[in-house]
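Chemist: Next up is a structure, given as structure tokens.
The values are calculated or read from the model by the stated rules, or taken from the named source; none is laboratory data. Remember, it's a predicted structure, so these values are computed and weren't measured experimentally. Methodologically, a virtual Cβ is constructed for each residue, glycine included, from the backbone with ideal geometry; neighbour enumeration extends over all protein chains shown.
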Amino acid sequence: MVAIPSRHKSLVLLLGVIVLQVLMLAVQIKRDSEGRLIRVWTVGAVSPFERAGSYGFGWIRDIWRHYFALQNTTKESEQIRRENDALKLQIAQLQGKAAEADRLAALLNFRQSQANVPMIGARVIGTGAGTASLTIQLDRGERDGIRKNMGVITPDGVVGKVVEAYPNASQVLLLTDKESGVGAMLADSRVQGPVGGQGEPLLVMKYVPNDDTVNLGDRVITSGMDRIFPRDLPVGTVAEIKSGNQFKQIRVKPAANLERLEEVLVLLSLRPLEMKNEGNTGEPPPAPGAPNPPRAAKR
Amino acid sequence: MNEAFDIRGQSHIEVHKFRTGAIIIATLLALLIQASFPIHFAKTAVLDLPLLVTIYFGLSRRNPSTGLLLGMVIGLLQDSLNGPTVPLGLYGIAKTIIGYLASSIGARLDTEHPAARFALTAAFFAAHQGLIVLTRRILLSQPEPWFNMHLVGAALANALVAVFLFLLLDRLRKN
């Protein structure tokens, strides 16, 4: 047996570990597997802390925003200032709760206006731990009826789709991620083209011929062609237009504020859905190969 | 305290030991903060706290085997928190190599000065990014730009945060 000099042992270990990981990558690509078991363990271990952190941090942030913003206005005596501070703390807490109530009311109104569409509210408790993908983590998972490939929205517009559902949490690929996409069309001209992410704040609308008229500020909505999102949900507005070889290069500003998401709605169906403003109450046909929709859970 | 002599045998460099559980707790905290902070402060997404922790413990422990194994574990945990669009091994490979390099450099240079830490972290961040792009291009066939101004800003931001973070982590050392 050949002895390895001790100073080369770490180099051999390095090569071994890298080869192992390269093989692991190859297996994932070849078998299209995603190392689900390791992910379930990691997310299962981290999500309770994220959940607790999210609630605690939200509370502190509300106090910080309102209490310290108001503090500079106080110029009176120390005694009055103390009383004021105590009252401001109370106000800050109430304002935080009121702001949260407003957001939840908006979600509720949206839900009630779309009573025929099964959906569930979820809180954002984390993000992807790196810049390699743009994902968020929700505090709801398989136990609440969430499944892979379900659409995620806010009343403002499309957010992304569920890429992994764990028992008590799920991961959502944001529309701005490079691998994300949604079937879309221009609201006025009805010109269709997929909208996808580039890893940047703005989205890109593809395959719109140079001959078609597109104006800055035009609304982009879902076309329903991806069979994930119902038609006519806001995707964004046209922010930049350039002529390309065959197709226009169109950049779209997302309708939903994807950098500051706190609560979202998950569409609890894997079948094509119709929103209420379509005026179509008929049952849409199931997508080929789509599993039965899970039972809708309510928040 | 253990001591290791540098390759030239001219001066000795300390190998730092840490309080029990310090490395595990610091690693888990870094991953947790990395996965939570960008929700509340979008700009903190440019920071790579798991990378900074890998660099710090690599530079301090100065044992290449420990450094690369710690880098691998941190990288794989980061991969698994990133969702299925990031295959297990992408950050794993990059952080394994960074852990090895940091430990090897830490065993040859005195890396206690804030300026040295700033420069090394910026260099390691660039190397880490280069390894991720290389892995994406060669192994995953995913085109990715090698360089842009955003990355330069991110490298400087990470290096600046590292200076203060490393001072904080120094407190976890055994006297």
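Chemist: Exactly one condition in (1) at the interface with chain A (Cβ under 9 Å from one of its Cβ atoms); (2) out of contact with any strand residue (DSSP E or B) (no Cβ under 6 Å at 6 or more places or on another chain) is not met by B:G83; state its number.
Modeler: In the conditions (1) at the interface with chain A (Cβ under 9 Å from one of its Cβ atoms); (2) out of contact with any strand residue (DSSP E or B) (no Cβ under 6 Å at 6 or more places or on another chain), B:G83 misses (2) alone.
Chemist: Between A:V124, A:V162, A:V117, A:V182, which is touching a strand residue (DSSP E or B) at 6+ places or on another chain (Cβ under 7 Å) and over 22 Å from B:T85 (Cα atoms)?
Modeler: Testing whether each residue is touching a strand residue (DSSP E or B) at 6+ places or on another chain (Cβ under 7 Å) and over 22 Å from B:T85 (Cα atoms) leaves just A:V117.
Chemist: A further question follows. Would you confirm whether or not the stretch B:93-109 contains a residue that is crowded, with 24+ Cβ neighbours inside 10 Å, within 11 Å of chain A (Cβ to nearest Cβ) and either free of Cβ contacts under 8 Å to residues at least 24 places away in the same chain or charged (D, E, K, R) (or both)?
Modeler: yes
Residues are listed down the side, and each one gets a yes or a no for (1) touching a helix residue (DSSP H, G or I) at 6+ places or on another chain (Cβ under 8 Å); (2) basic (K, R); (3) part of a helix (DSSP H, G or I):
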{"site": "A:V117", "(1), (2), (3)": "yes, no, no"}
{"site": "A:I120", "(1), (2), (3)": "yes, no, no"}
{"site": "A:G130", "(1), (2), (3)": "yes, no, no"}
{"site": "A:I136", "(1), (2), (3)": "yes, no, no"}
{"site": "A:R140", "(1), (2), (3)": "no, yes, no"}
{"site": "A:I153", "(1), (2), (3)": "no, no, no"}
{"site": "A:V158", "(1), (2), (3)": "no, no, no"}
{"site": "A:N168", "(1), (2), (3)": "yes, no, no"}
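Chemist: To continue, here is another question. Considering B:I25, B:I33, which residue is over 13 Å from the mean Cα position of the chain (by Cα), surrounded by fewer than 19 Cβ atoms within 10 Å (Cβ to Cβ), modelled with pLDDT of 85 or more and away from chain A (no Cβ under 11 Å)?
Modeler: The conditions single out B:I25.
Chemist: Kindly indicate whether any position in the stretch A:220-241 is over 18 Å from the mean Cα position of the chain (by Cα), without any contact (Cβ under 8 Å) to a residue 12 or more places away in the chain and more than 14 Å from chain B (Cβ to nearest Cβ).
Modeler: Taking every residue of the stretch A:220-241 in turn, none turns out to be over 18 Å from the mean Cα position of the chain (by Cα), without any contact (Cβ under 8 Å) to a residue 12 or more places away in the chain and more than 14 Å from chain B (Cβ to nearest Cβ).
Chemist: Could you tell me how many of the residues in the stretch B:37-66 are farther than 19 Å from B:A159 by Cα, part of a helix (DSSP H, G or I) and more than 7 Å from chain A (Cβ to nearest Cβ)?
Modeler: Result for the stretch B:37-66: 2.
Chemist: Restricting the search to the stretch B:127-150, which residues are assigned to a helix (DSSP H, G or I) and either surrounded by 18 or more Cβ atoms within 10 Å (Cβ to Cβ) or not small (G, A, S) (or both)?
Modeler: Residues satisfying the conditions are B:H128, B:Q129, B:L131, B:I132, B:V133, B:L134, B:T135, B:R136, B:R137, B:I138, B:M149, B:H150.
Chemist: Now for a separate question. Starting from the stretch A:249-270, take each residue that is within 14 Å of chain B (Cβ to nearest Cβ) and touching a residue at least 60 places away in the same chain (Cβ under 8 Å) and list its partners that are surrounded by fewer than 23 Cβ atoms within 10 Å (Cβ to Cβ) and among the basic types (K, R), counting only C-beta distances under 6 angstrom and pairs at least six apart or across chains.
Modeler: Note: pairs meeting the criteria are A:E263/A:R103; A:E263/A:R123.
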